[in-house]
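Participant: Sharing a structure, written as structure tokens. Questions coming.
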Amino acid sequence: MSWLRHLSSKFSSTTITSTRRFTSLSRFSTSTAPARHAGLGPTQAHEKPRVVVLGSGWAGCRLMKGLDTAIYDVVCVSPRNHMVFTPLLASTCVGTLEFRTVAEPIARIQPAISTEPGSYFFLANCTAIDADNHVVHCESVTEGAQAPDPWRFTVSYDKLVIALGAQPTTFGIHGVYEHAIFLREVYHAQEIRRKLLLNLMMSDVPGIEEEEKQRLLHCVVVGGGPTGVEFSGELSDFIVRDVRQRYAHVKDYIHVTLIEANEILSSFDVRLRQYATNQLTKSGVRLVRGIVKDVEEKKIILNDGTEVPYGLLVWSTGVGPSAIIRSLDLPKAPGGRIGIDEWLRVPTVEDIFSIGDCSGFVESTGKTPLPALAQVRDIGFISFSHRQIHFLNSFSFVVLILH
């Protein structure tokens, strides 16, 4: 049994060395309590204050990139470990760009989360916010049939920035989530590309009836906003430049229909709307004015009873507040987004800010809501100091002294 005693003594010495080496991990809860009580505790007097950022979209990533990590620790909580460059997402659907070119890892945007001892990235969803105790409740992201149960934990903050974005709006129309594909994430673009190529292959199989071939190769886009118009244009270019050369047998069957309740790009200048309409029509996109009433597996039904068969359905009718945003006990702006003042602060609570598509001005500010576009909602950067917030965007630079 000498070998056992030798192994025990060796393990004991290794344990002592490891304990000394990993003393920095003491900031995490080490209790044997249930998982819901584990997490990242409050910062100590000798530690840097902690900024917790919820979300990894445009606003959240731009904020993290500009934070001075010599002053603050950064903790990002998001179900996505990368930022998606959405303006180019439509190009990946048709192979113009590869998927990796529109995704930037969070650790590359803010290296401190993978190098600094007090900064972290957690792949998780925020489930609740305890503003009184400065605590965020989180649940880890798990996928797949054999994935482990979600791990619940908490993160304490000194400053909290909510940048959770928005979710696609469906207006309660039946069948949208089951049969349509959105275009907001990389996996959405991958699904569109897979479906498009599969339909092209299937339509060339011998024995496929003409009616079924026309349905398979009918691409329908619902929503005439920037995303819908951009995707329709990319798809029409793909048909002209690629389909007619590589799929000559079915080139006359494939076509694109864009359905919009009003005018396309209705929030833009009339000259831009006219130009977009002319370009889409010239490229072969069929523009239909109508309201979708129901979505079925192989067809959509408009409010006038018209049935539109489709092989690929892309839904881009705008965005609205997500379920977590609606559930938060925070002041709300018109439309259900988190209410903020002109300095991006959430009224009635301390140390909480909200940026991006999840936020909107409260009525008392007298300001109109901004459209959900990066050009007007990208805040540039916020650099926290102990008594100041430096706020920069492309139009102005202001310094706010906190009281």
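The values are calculated or read from the model by the stated rules, or taken from the named source; none is laboratory data. This structure is a prediction, so every number in the text was calculated from the model and none was measured. So basically every Cβ, Gly included, is an ideal-geometry build from the backbone, and we count neighbours across all protein chains shown. Areas reflect the complete protein model, heavy atoms only, side chains present, ligands, DNA and RNA absent. Shrake-Rupley method; radii C 1.70, N 1.55, O 1.52, S 1.80 Å.
Participant: Considering only segment 123-143, state which residues are part of a loop (DSSP other than H, G, I, E, B), closer than 17 Å to L40 by Cα and polar (S, T, N, Q). I'd like the intermediate steps shown before the answer.
Facilitator: Let us first name the residues in segment 123-143 that are part of a loop (DSSP other than H, G, I, E, B), namely 131-134, 141-143.
From the residues that got through so far, the ones that are closer than 17 Å to L40 by Cα too are 131-134.
Across segment 123-143, the qualifying residue is only N133.
Participant: Test of understanding: among L235, L216, which residue is out of contact with any His (no Cβ under 9 Å at 6 or more places or on another chain) and under 29 Å from G356 (Cβ atoms)?
Facilitator: Working: L216 fails: under 29 Å from G356 (Cβ atoms).
Exactly one of L235, L216 is out of contact with any His (no Cβ under 9 Å at 6 or more places or on another chain) and under 29 Å from G356 (Cβ atoms), namely L235.
Participant: Could you pull out every one of the strands (runs of 3 or more DSSP E) wholly within segment 54-122 that has 2 or more residues that are open to solvent by 20 Å² or more (accessible area, probe 1.4 Å) and in contact with an Asp or Glu (Cβ under 9 Å, 6 or more places away or on another chain)? Even if it seems obvious, please write down each step before you answer.
Facilitator: On the way: elements: 73-78, 82-84, 103-105.
Hits in segment 54-122: 82-84.
Participant: Go through segment 217-246 and report how many residues are open to solvent by 10 Å² or more (accessible area, probe 1.4 Å), in contact (Cβ under 8 Å) with a residue 12 or more places away in the chain and either farther than 27 Å from T170 by Cβ or among the small types (G, A, S) (or both).
Facilitator: Number of matching residues: 6.
Participant: Any residue in segment 193-216 that's open to solvent by 50 Å² or more (accessible area, probe 1.4 Å): show its pairings with residues that are in a helix (DSSP H, G or I) at Cβ separation under 8 Å, as long as the two are six or more apart or on different chains.
Facilitator: Here the result reads R193/T92; R193/C93; M202/L216, each pair linking segment 193-216 to a residue that is in a helix (DSSP H, G or I).
Participant: Given the structure, is S156 touching a residue at least 24 places away in the same chain (Cβ under 8 Å), open to solvent by less than 40 Å² (accessible area, probe 1.4 Å) and closer than 30 Å to L40 by Cβ? Can you show your working first?
Facilitator: Details: touching a residue at least 24 places away in the same chain (Cβ under 8 Å): yes; open to solvent by less than 40 Å² (accessible area, probe 1.4 Å): yes; closer than 30 Å to L40 by Cβ: yes.
Yes, satisfied.
Participant: Quick test for you: out of E263, E212, E234, pick the one residue that is under 24 Å from L302 (Cβ atoms) and part of a helix (DSSP H, G or I).
Facilitator: Numbers: E263 fails: part of a helix (DSSP H, G or I); E234 fails: under 24 Å from L302 (Cβ atoms).
The unique qualifying residue is E212.
Participant: Can you find, within segment 159-170, the residue that is farthest from V314 (Cα to Cα) among those that are hydrophobic (A, V, I, L, M, F, W, C) and not in a loop (DSSP other than H, G, I, E, B)? Spell out how you get there, then give the answer.
Facilitator: Filtering segment 159-170 down to residues hydrophobic (A, V, I, L, M, F, W, C) leaves 160-164, 166.
Subsequent filtering for residues that are not in a loop (DSSP other than H, G, I, E, B) retains 160-162.
Values: L160: 35, V161: 32, I162: 29 Å.
Taking the candidates together, the pick is L160.
Participant: Is it the case, given these coordinates, that Q245 is over 30 Å from the mean Cα position of the chain (by Cα) and not in a loop (DSSP other than H, G, I, E, B)? Break it down into steps so the answer makes sense when it comes.
Facilitator: Working: over 30 Å from the mean Cα position of the chain (by Cα): yes; not in a loop (DSSP other than H, G, I, E, B): yes.
When the stated conditions are applied, Q245 passes them.
Participant: For the structure I just gave you, tell me whether P331 is surrounded by 13 or more Cβ atoms within 10 Å (Cβ to Cβ) and in contact with an Asp or Glu (Cβ under 9 Å, 6 or more places away or on another chain). Before you say what the answer is, go through the steps one by one.
Facilitator: Values: surrounded by 13 or more Cβ atoms within 10 Å (Cβ to Cβ): yes; in contact with an Asp or Glu (Cβ under 9 Å, 6 or more places away or on another chain): no.
No: the conditions fail for P331.
Participant: One residue is enough: does segment 144-158 have a residue meeting the conditions more than 24 Å from E260 (Cα to Cα), in a strand (DSSP E or B) and over 23 Å from the mean Cα position of the chain (by Cα)? Please lay out each step first, then the result.
Facilitator: Taking segment 144-158 as the starting set, the residues that turn out to be more than 24 Å from E260 (Cα to Cα) are 144-158.
From what's left, in a strand (DSSP E or B): 152-156.
With over 23 Å from the mean Cα position of the chain (by Cα) added as a condition, the list becomes 156.
Looking through segment 144-158, at least one residue is more than 24 Å from E260 (Cα to Cα), in a strand (DSSP E or B) and over 23 Å from the mean Cα position of the chain (by Cα).
Participant: May I ask you to list the residues in segment 184-199 that are among the aliphatic types (A, V, I, L, M) and within 19 Å of L88 (Cβ to Cβ)? Steps first, please.
Facilitator: From segment 184-199, those among the aliphatic types (A, V, I, L, M) are 186, 189, 192, 196-198; that's our starting set.
Of everything in segment 184-199, those that are among the aliphatic types (A, V, I, L, M) and within 19 Å of L88 (Cβ to Cβ) turn out to be V186, A189, I192, L196.
Participant: I would also like to ask the following. Kindly list the number of the only condition in (1) in the same structural domain as L196 (by the TED database); (2) open to solvent by 70 Å² or more (accessible area, probe 1.4 Å); (3) at pLDDT below 95 that fails for S364.
Facilitator: The single condition S364 does not satisfy is (1).
Participant: Looking only at segment 91-128, how many residues end up being touching a residue at least 60 places away in the same chain (Cβ under 8 Å), within 20 Å of F238 (Cβ to Cβ) and within 19 Å of the chain's Cα centre (by Cα)?
Facilitator: Result for segment 91-128: 5.
Participant: If you don't mind, there's one more thing I want to ask. Mind listing whichever residues of segment 173-192 are in contact (Cβ under 8 Å) with a residue 12 or more places away in the chain, in a helix (DSSP H, G or I) and buried (at least 16 other Cβ atoms within 10 Å of the Cβ)?
Facilitator: Applying the first criterion (in contact (Cβ under 8 Å) with a residue 12 or more places away in the chain) to segment 173-192 yields 173-176, 178-186, 188-190, 192.
Next cut, in a helix (DSSP H, G or I) only: 176, 178-179, 186, 188-190, 192.
Listed by number, the residues that qualify are V176, H179, V186, H188, A189, I192.
Participant: Right, something else. Please go through segment 282-320 and give me each residue that is over 27 Å from the mean Cα position of the chain (by Cα), acidic (D, E) and either crowded, with 17+ Cβ neighbours inside 10 Å or not in a strand (DSSP E or B) (or both), ordered by number.
Facilitator: Once the filter is applied, which keeps residues that are over 27 Å from the mean Cα position of the chain (by Cα), acidic (D, E) and either crowded, with 17+ Cβ neighbours inside 10 Å or not in a strand (DSSP E or B) (or both), segment 282-320 yields only D304.
Participant: Residues of segment 321-337 being outside any loop (DSSP other than H, G, I, E, B) and either in contact with a Pro (Cβ under 7 Å, 6 or more places away or on another chain) or among the small types (G, A, S) (or both), which ones? So that I can check it myself, show each step before the final result.
Facilitator: So in segment 321-337, the residues outside any loop (DSSP other than H, G, I, E, B) come out as 323-327, 332.
Selection gives A323, S327.
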